[in-house]
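The values are calculated or read from the model by the stated rules, or taken from the named source; none is laboratory data. What you see is a predicted model; the values in this text were computed from it and never measured. Here the Cβ positions follow ideal geometry from the backbone for every residue, glycine too, while neighbour counts run over all protein chains shown. Ligands, DNA and RNA are excluded from the accessible area calculation, which covers all protein heavy atoms including side chains. Shrake-Rupley method; radii C 1.70, N 1.55, O 1.52, S 1.80 Å.
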Amino acid sequence: MKAIFFLALFFSFNTYACRTDSISIVRNTSLSLKKKEGKLKSMLSQDQVFGLPFSYLGKRGCVDRTGKLSSVVIKTDDKVSREVVVGFPETKFKKIKGRDHHFAILDSKEGVESLHLLTVTCVEQEVLFADSIVLNLIDLQKSPARDLESIQINMMIATGAAAHHLSSHFKLSDIYSSLLEVNQSTEFSGLDKPSVITSSSIRLPGQSYFSVSSSMAAKDLCRTNNLKNLEQFSASPTNPSFANSRFNIEYKNNLLLIN
């Protein structure tokens with residue numbers, strides 16, 4: 001079995017409670033491979049708790065943000081199946097109020113279904129944080145994976161000047177950009193926050209996953225007209241882009257369940 005882990009942490013603290021004077025990041029990744037009764041099962045789970053201080057109109061506050069990804073791939077002699085659970089980031093505010101907006105769009109091309117997830121955390125019309133997640137899913141029943149033993153995980157966290165240098169890693173997919181109205185003259189000055197960026201990339205049989213979180217995302221994402229344009233793709237059981245998927249996709253309690 002082969003597993004590759006890369007982890008770069010610029011800040012790591014032992015507290016889960018957000019503070020108005022420091023950044024805290026706790027990220028846990030677990031991997032297990034089990035073989036029993038002719039079945040080979042790989043189980044991957046990643047959880048993150050992120051505390052971010054910020055100020056708005058001179059008032060200091062902070063947020064706790066949590067997220068989850070887990071994947072199970074089961075291989076037998078004649079069958080390969082997979083289950084994925086994605087938790088949209090959830091934000092708990094302290095001192096200052098804000099709101100999360102979750103969106104999901106499924107795009108199908110040449111036998112691969114790409115699930116594009118976007119979470120925007122807003123304070124009024126300003127962007128506090130944004131998360132872009134892309135899951136590429138292949139039907140393992142029709143295209144059996146041959147390399148169940150090959151799993152790759154890469155993670156990165158940066159703050160300050162390093163985060164500014166890596167900020168280009170956050171890119172909205174074209175599928176979202178086409179729905180947005182970007183006003184180059186828009187100026188906001190009420191929100192002050194640290195420069196932070198995190199990213200993860202995971203490769204499993206029949207699946208690749210890429211996630212980027214950034215406090216330096218485009219400020220127009222929280223404008224009322226843009227949120228209205230994206231509203232049709234809000235994360236919900238009735239999301240229209242799920243209707244034609246070959247996978248069973250369910251939304252429940254802020255989780256996407258895919259199998």
Whole-Å distance linking the alpha carbon centroid of the stretch 80-127 with that of the stretch 47-61 is 19
Grab the Cα-Cα distance for LYS39 and ASN248, subtract it from 0.36 nm times how many residues apart they are, and report the gain in nm with one decimal.
73.0 nm
Taking a cut-off of 24 Å between Cα atoms, list the lysines near LYS171, but don't count ones fewer than 8 places away on the same chain.
LYS68, LYS109, LYS193, LYS219, LYS228
Checked the stretch 15-93 against the a/c 1.5 cut and the a/b vs b/c comparison, axes a ≥ b ≥ c from its Cα gyration tensor; verdict prolate
Choice from VAL120, VAL26, VAL212 with maximal GNM fluctuation in the chain (Cα, 10 Å cutoff):
VAL26
Between GLU187 and ASP47, the two model label points (7 Å from Cα along the beta-carbon direction) sit apart by a distance in nm of 4.5
Net +/- balance of residues flanking LYS95 in space, Cβ distance below 10 Å, scoring K and R +1, D and E -1
+4
What number comes out for the charge environment of SER22, summing +1 per Lys or Arg and -1 per Asp or Glu over other residues with Cβ under 14 Å away?
+2
Charge tally in the Cβ shell below 14 Å around VAL127, where Lys, Arg are +1 and Asp, Glu are -1, VAL127 excluded
-2
Relative contact order for the chain: what is it in percent, counting Cα pairs under 8 Å that are at least 6 residues apart?
19
If you take every DSSP beta bridge fully contained in the chain, what fraction is antiparallel? Give it as a percent rounded to 5.
95
With only Lys, Arg, Asp and Glu charged, each at its Cβ (+1 for the first two, -1 for the last two), find how big the charge dipole of the chain is about the Cα centre; round to the nearest 20 debye.
740
Can you give the accessible area per residue of the stretch 191-254, in Å², using a 1.4 Å probe?
45
Mean 1/r over distinct Cα pairs of the stretch 163-212, inverted to a Kirkwood Rh in Å, yields 14.0
Sorted list, accessible surface of protein heavy atoms, 1.4 Å probe, largest first, for VAL72, VAL196 is VAL72, VAL196
Length added when fully stretched, LYS59-LYS228, from 0.36 nm per residue minus Cα-Cα:
58.0 nm
Low-density loop trypsin sites (Lys or Arg not before Pro), the stretch 32-112, at most 12 other Cβ within 10 Å, DSSP non-H/G/I/E/B, are LYS79, LYS97
Cα-projected label distance for LYS109 with ASP77, points at 7 Å along beta-carbon direction, nm
4.0
